[in-house]
Structures are given as C-alpha cells and as structure tokens.
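Following: one structure in structure tokens, then a few remarks.
The values are calculated or read from the model by the stated rules, or taken from the named source; none is laboratory data. Since the model is a prediction, treat every value here as computed from it, not as a measurement. Neighbour counts are summed over all protein chains in view; Cβ atoms, including those assigned to glycine, are modelled from backbone coordinates with ideal geometry.
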Amino acid sequence: MSDFLHIKISRLFYQDKHLVSDIDLEVQKGERILIVGATGTGKSSLLNTLNLMNQNYNGEILFESKAITQYHPHVLRSRIVMVMQEPWLGEGTVQDVLDEALAYHAIKHKDLSDRDRQIRGLMKSFQLSEDYLSKKADQLSGGEKQRIALIRVLQLRPEILLLDEISSALDQKTSGIISDCIFQNFPGTVIAISHDPLWHDRWQRSWIISDGIIKDNREAK
Amino acid sequence: MDISYYGLLYALLLLLIPIAIFIQLRLKLIKQLSISFSRMIVQLAIIGLWLQFLLDQDQIALTLIWVAVMLSNAVFTLRGRLKIKRKILLPILFAALGASTLVIMPWILFVVIRPEPLLSAKFVIPIYGMVLGNSMNSCALALERFESNLSDNWKAYYTRLSLGASLWEAALPTFRKAIHASLLPQLLTIASMGVVSLPGMMTGQILGGSSALVAIKYQMMVMAAIFSAVTLADFLAIRLYLARRFDKYYLPLAGIK
C-alpha cells in the first residue's frame, strides 16, 4: 500500500540488451536498500531509471502516486538525487562547489536559514575540517572528493538518495566513514549499489539481481 | 581612378614572383595557383557583372531576391562546413542568420544611413554581404565549440542534471564558453583596427575616391552592425540548437555523425 515509491518495470534494457524482467517493488519512506548483483546485470540501469536518467524500459515508476515522467525532470532530480561513482566537482573552491549545487532552480525555494551550520555539521561528521571549504576542489584526493560530493547532495535535503558504487574507488577506512555518515546524517530513503562487503551487513533490505530477475530480500541484517 | 585592363594584366604579372619561388623550392603549388586565380577571376567577373546589373536596375524586388539568395547561400555553406550533421540544423541556421540580419539591416538602412531610395542596392548588397559573411563564420565557430565542449564535459553535464539543474542551467557553462570563444577574437580585432591594419572596406572606399573621414564613419558603423549581428546569430544558433539537442528529460538525443 506504499504510495512513496513504486517501481513497476516489465522489461529493463541496456541499449538493445534485455537485462531484467518483471520488477515490482515498493519502497517505504526511510528504507535503506542495497542493490546487489554481478557486473552487467542491470544494477546501474535500474538505479538510473529512478531519477529519469534512463528511459530504456517498459513500465512505470510512481513517486508519491504520480508517474515520475509527470514531474519536471529538474524538480524530480532535486528530490531524488544521485551520487555517482567518480564525482565531478568542477573548478573553484569546495565552497563554490557546494554553492553551485544550491543555486539550481529547483532548490531555490527551500529554507536555507541554517545552511552554514548544516554544512559545518556535515563537514565534521565526514571528518573534514572547515579549512576544506577554501581548498581547491580539483586538488582533493579521491576520498575527499567523494565526501564533498556527498555533502553537496546532503545539503539539498533530498527525499531519496541514490548511490552508484560511491565507495568502489576508496580504501576501506574512507568507505567506512562514508557509510557511517550516511546512516547517521541522512534520515531519508537510500537506494545504493555497492560491492563493498563492509556495506552489506547494515541494510534493512536488498535487491539481488541475477539471471534477469530481481529478488527482494527483506531478511538482510 | 579606374584600372585599365592592361593595368590589371600587369598586376597579375606579379604572380611570377611566387611562381619563381615555387620553382626554386620545387613546391607543387603552381597548378593550385593557376586554378585558384582562374577561379577567382571568373567568379569575380560574373559577380561583378551581376552586381553592376543589380546596381543599374536598382529595383527593390530584385535586390530583395538577391538578399534571399545570399542568405540561402550562407546557410548552405555554413551547414556544409559544420562537422555536426543533423537534419534539424537547416531551420536553425536559417532562423539564426535570418533573424540577426532582419534586425540589424533595417536599423542600418532606415535609421543610420537613410539612403534614397531606402532599399538602394548600392547600400543593401555590400553591407548585407559583410554582415552575413561574418555571422556565418562566427556561427560555425560557436556551434562547433558548443558541441565539442559538450562532448568533452558530459560528466559535468550529468552531474548538474543529477543535482536538479534545468536544461538551461546544466548547459549554460558550455553555452557561455562557446560564445566567449567565438566573440573574443573579434573584439581583439576591433581593438586593433586602425593601428595594426586598415580594414578592407575602408581601404576600398578611399581607393574609390571617398574621403578618409567618410570611410572611417562607414567602418565604425559596419563594425557595430557586424558585431551585433554576429552576437545575435551565435546566441540564436546555440539557443535553438540546445532545444533540439536534448529530449524532454534533458538527456542528449542520438544522431551525431
């Protein structure tokens, strides 16, 4: 009976290749879901359907009982936000990077009165000192970049966070910091793809894709 | 002062210098030189006779038809020159080059020069030629830059989209760079005018017997017309291209060769 997010996809493709059939999954607000499966099974393709980055499927996805295709793409993408495997931050300082994301049209109406405090809090929990705000974004290490990319997204207070292998290029320690932070700081729904075993034992639910079908496993730890 | 046909022949004799140098270097450019100069002579002779005919007739309908021919010519030349191959390009280029000249030319004719008659071929054709030629070159550069910049920065584009940017917001940095790349060289040329080089039109006018003071006024006017037309054409071309380059979810449409 969930009317938060309902994914009904009869056939999911990558280009011409048919990947997964008969997906019918309901997601509750605040759920933490991990998508598992071998390379090329369609994990990313599935994740990308949720923020309108992939239309290569037959079916329908409902967000708050309304088809996602009925939303303005930029409005939907500011509520269902994706973090990618290798973050792109652009030029300028970390502060510029954070400000740029905030300037986008669909975010403008949100209440930003305690933004500085929020950013400082996020920086602290991601174990980055405030000095980082004035550093050049392109001079950061991979792990630092990924943490800034997450802070950039969390400041937008999305309702659903989509994470596409965000820790695959990071060491165990950084990967651990990142996953702790997400669990502590983000109250919303998270749907993530990860190969990191460290991540695997903290999710309430997992979707396992193999042989063209998806298994909904609620018994995850 | 007119040049006699013998005089012109003597001018062409100057080409013996490059020919001698080519021979000395065993540079295989003599054939190309003869082709290039023969083509130039034939083409200019035809266009000269035709322009003389247009100027002598000085009929509004004829002038306007010729303006339309010039515009179509510019659009097809531009399309042929672009590496971007898309069906949607033709109407975009017509709109971009057409709109910019539709705005600039009436202003120049009806407000600035006010010749008698207003659509006098003597003014319309040469000025339109300069405005159009420059717009065409600039549009080619701006569109190519936009497309190549976009292809080099897909990750930035997708990141902006995934953060909730609209199509306009996600493409704006690329748009800005393309216009900048196309306009900056022109501004630098304008800044060096009169110091480094004397513009061709001004030189021509002075040789044709106008006073230098009249010639510089025309030059200033033409530069203002050209630069405005070029900016407008670049902007419209990319703006219209942008709307056709992406689908309703702001994702790129396939179809580039």
**Q.** Residues satisfying the stated conditions in the stretch B:100-153, i.e. in contact with a helix residue (DSSP H, G or I) (Cβ under 6 Å, 6 or more places away or on another chain) and charged (D, E, K, R)
**A.** B:K122, B:R145
Q.
Just to be sure before I move on: is A:T49 in contact with a strand residue (DSSP E or B) (Cβ under 7 Å, 6 or more places away or on another chain), of a type outside the set (A, V, I, L, M, F, W, C) and within 14 Å of chain B (Cβ to nearest Cβ) in the structure I sent?
A. yes
Q. Which condition number does B:I92 fail, the rest of (1) closer than 30 Å to A:G90 by Cβ; (2) in contact with a Phe, Trp or Tyr (Cβ under 6 Å, 6 or more places away or on another chain); (3) surrounded by fewer than 20 Cβ atoms within 10 Å (Cβ to Cβ) being met?
A. (3)
Q. So, in the stretch A:104-130, of the ones that are outside any loop (DSSP other than H, G, I, E, B) and of a type in the set (D, E), which residue ends up nearest to the other protein chains (Cβ to nearest Cβ)?
A. A:D116
Q: Return the only residue of A:R120, A:R152 being out of contact with any strand residue (DSSP E or B) (no Cβ under 9 Å at 6 or more places or on another chain) and of a type in the set (D, E, K, R).
A: A:R120
Q: Being among the small types (G, A, S) and more than 9 Å from chain A (Cβ to nearest Cβ) is the filter here, so list the residues in the stretch B:142-179 that pass it.
A: B:A142, B:S148, B:S151, B:A171, B:A178
Q | All positions within the stretch A:176-205 that are in contact with a helix residue (DSSP H, G or I) (Cβ under 8 Å, 6 or more places away or on another chain) and among the hydroxyl-bearing types (S, T, Y) | A | A:S179, A:S194
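To keep it simple, each residue is scored yes or no on (1) assigned to a helix (DSSP H, G or I); (2) modelled with pLDDT of 95 or more; (3) within 19 Å of B:V124 (Cβ to Cβ).
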| residue | (1), (2), (3) |
| --- | --- |
| B:Q205 | yes, no, yes |
| B:S210 | no, no, yes |
| B:D234 | yes, yes, no |
| B:A237 | yes, yes, no |
Q) Given A:A106, A:A67, which one is at negative phi, at pLDDT 95 or above and over 16 Å from the mean Cα position of the chain (by Cα)? A) A:A67
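Each row is one residue, and each column tells you yes or no for (1) in contact with a Phe, Trp or Tyr (Cβ under 7 Å, 6 or more places away or on another chain); (2) part of a strand (DSSP E or B); (3) under 28 Å from A:S168 (Cα atoms).
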site	(1), (2), (3)
A:T39	no, no, yes
A:L47	no, no, yes
A:L62	no, yes, no
A:M82	no, yes, yes
A:W88	no, no, yes
A:L102	no, no, yes
(Q) For the stretch A:73-94, which positions are more than 18 Å from A:L5 (Cβ to Cβ), within 13 Å of chain B (Cβ to nearest Cβ) and in contact with a helix residue (DSSP H, G or I) (Cβ under 8 Å, 6 or more places away or on another chain)? (A) A:H74, A:M84, A:E86, A:P87, A:W88, A:L89, A:G90, A:E91, A:G92
Q) In the stretch B:194-252, which residue that is within 14 Å of chain A (Cβ to nearest Cβ) and in contact with a Pro (Cβ under 9 Å, 6 or more places away or on another chain) is nearest to B:I104 (Cα to Cα)? A) B:F246
